[in-house]
1. On the given criteria, is residue 256 at pLDDT below 95, touching a strand residue (DSSP E or B) at 6+ places or on another chain (Cβ under 6 Å) and hydroxyl-bearing (Ser, Thr, Tyr)?
2. Suppose we filter the range 212-247 for residues that are of a type in the set (A, V, I, L, M) and outside any strand (DSSP E or B); how many remain?
3. So, residue 123, is that one surrounded by fewer than 23 Cβ atoms within 10 Å (Cβ to Cβ), modelled with pLDDT under 95 and either more than 19 Å from the chain's Cα centre (by Cα) or of a type outside the set (Phe, Trp, Tyr) (or both) or not?
4. Of all residues in the range 141-199, how many are within 19 Å of the chain's Cα centre (by Cα) and of a type in the set (Phe, Trp, Tyr)?
5. Scan the strands (runs of 3 or more DSSP E) fully inside the range 86-138 and keep the ones with 2 or more residues being small (Gly, Ala, Ser).
6. Residues that are within 17 Å of residue 342 (Cα to Cα): list the strands (runs of 3 or more DSSP E) wholly contained in the range 260-327 that include at least 1 such residues.
7. Applying the selection to the range 139-180, what residues are crowded, with 22+ Cβ neighbours inside 10 Å, in contact with a Gly (Cβ under 7 Å, 6 or more places away or on another chain) and either outside any strand (DSSP E or B) or of a type in the set (Phe, Trp, Tyr) (or both)?
8. Condition first: of a type in the set (A, V, I, L, M) and either over 23 Å from residue 287 (Cβ atoms) or open to solvent by less than 10 Å² (accessible area, probe 1.4 Å) (or both). Now tell me which residues in the range 85-114 satisfy that.
Amino acid sequence: MQLLNIRRIMCHAALITSLSTSLALAGSPPVQTPWNTGANHSPQPPAMAKTLWAYIPDQPSSKVIQCTVNPTSGTFSHCIDAGATGLSTPSGVTFNRAGTRAFVINYGHAKAEAIQCTVNPTSGTFSNCSDTHAKGLNGPDSLIFNHNETRAFITNIGGHNVTQCTVDPTSGMFSSCVNAGVGGLKTPAGLTLNATGTRLFIADWYAKKVIQCKVDPTTGKLSSCARTGATRLISPNHIILNPDGTRAFVVNYSKSNNQVIQCTVDPTSGKFSHCSDTGANNLNRPHGMVLNAAGTRAFILVNIDDEGERANVATCAVNPSTGAFSHCKQTGATKILLPGSVTLSPTNA
């Protein structure tokens, strides 16, 4: 049985013929939460570590799988159905900054939607899922919010464009969705914002390029979109930045080039330079990636068979000074077959 995997369709002719074409806030390690000190300022117990979860939308089952993450080793355990409903071939999960609401992108042609769910702060599970009423989506792949969470940007692989929507921060509902006006895109997939929220970066898979646009932090309006100048790109389908936004990591989904490329980012111009292989090893057609908040560990989607009909999540240690990857291994994630992406629970969830 031929299985659908959004981040593979551009590399499999049989799937291409069956389809018209294919937030995140980045995750974080456990947060050290201080106990309430009270009025007497008495000695306090040690800070308690908050559980770190990974969320993996599994496309064949139309579920989001939630796994507990060991922050030291990067291994996954206790993988369960997060409880999201109303999904159809989900491709991405994005959280609001507070971690109280999760947004799941439905790639499926019958239900190309952005679904929002309430997040249980104790268990991390989802409930009360409903449609945000985002309009104009066509093969949506990735979603990210501007820094005041009043605008959402969604890449459309099927529409060859980026949709921008107004977001009600109280209800989570989307409105006034329009084409953001980024021209010349072929297969826009992953996207990310810089640390200040003033530049949006888009990985354009078939065009073998990364596009950058200026972002008005208040209105979310995009302008001055141009190539970043990134090199060594084969099939770039995902892009993330390190915590301070000085280094970009671009995933090449290619049978002949199983690499994660890193580039230096000019904070003023947004231009990329000094692009090189991170040295990540044991990766088979990597696609989709997230860093922990410290930038010391990466989680990467990889194929686990040559046909591209099964995939899982690998993890690599990251040297935050050099950007080099090492000690790449499987996370041990279970209950997934063809994941669309991987996301970590946000810092202040």
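1. No: the conditions fail for residue 256.
2. Matching residues across the range 212-247 total 3.
3. no
4. 2
5. Of the strands (runs of 3 or more DSSP E) lying wholly inside the range 86-138, those with at least 2 residues that are small (Gly, Ala, Ser) span 90-95, 126-131.
6. Result: 260-265, 289-291, 297-303, 311-318.
7. Selection gives 139, 146, 157.
8. If the condition is that a residue be of a type in the set (A, V, I, L, M) and either over 23 Å from residue 287 (Cβ atoms) or open to solvent by less than 10 Å² (accessible area, probe 1.4 Å) (or both), then 93, 98, 102, 104, 105, 110, 114 are the ones that fit.
The values are calculated or read from the model by the stated rules, or taken from the named source; none is laboratory data. Since this is a predicted model, take the numbers as computed values, not measurements. Because the Cβ atoms are built from the backbone with ideal geometry, glycine has one as well, and the counts that use them run over all protein chains shown. Please note that ligands, DNA and RNA were not included when accessible areas were found on the heavy atoms of the full protein model with its side chains. Shrake-Rupley method; radii C 1.70, N 1.55, O 1.52, S 1.80 Å.
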